[in-house]
Amino acid sequence: MLSRTPQSEFLSPEDLAICQRVFDKVCADCKWNSASSDAEGLAIVVISVFQHGLFNEVDLLAEMQARRHDFERRTG
């Protein structure tokens, strides 16, 4: 098994594919346009959480689904 050092590695094409699938799934579930500000916040966090060591796609998706309300714009 390859060891990984969070934040010190670039994202490989496989890493980016995992992050993209998680992003796409959460956007679809929430019915967000991928260019919306909600989706932008999600994208930043998906990459950050991945870089900090949550590399498993299923676990990353579960984490983002649990946090999805953190990305939704608050309207008055």
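The values are calculated or read from the model by the stated rules, or taken from the named source; none is laboratory data. In this text the structure is predicted, and so the values were computed from the model without any measurement. So basically every Cβ, Gly included, is an ideal-geometry build from the backbone, and we count neighbours across all protein chains shown.
Remarks
- Among residues of region 7-50, those that are surrounded by 12 or more Cβ atoms within 10 Å (Cβ to Cβ), out of contact with any Leu (no Cβ under 9 Å at 6 or more places or on another chain) and either of a type in the set (D, E, K, R) or on the phi > 0 side of the Ramachandran plot (or both), counted: 5
- Among the residues of region 49-62, those that are at pLDDT 95 or above, in a helix (DSSP H, G or I) and not β-branched (V, I, T) comprise F50, E57, D59, L60, L61, A62.
- Cross-chain or 6+ apart pairs with Cβ under 6 Å, region 22-51 first and within 17 Å of A62 (Cα to Cα), then hydrophobic (A, V, I, L, M, F, W, C) and not in a helix (DSSP H, G or I): A39/W32; G41/F71; L42/F71
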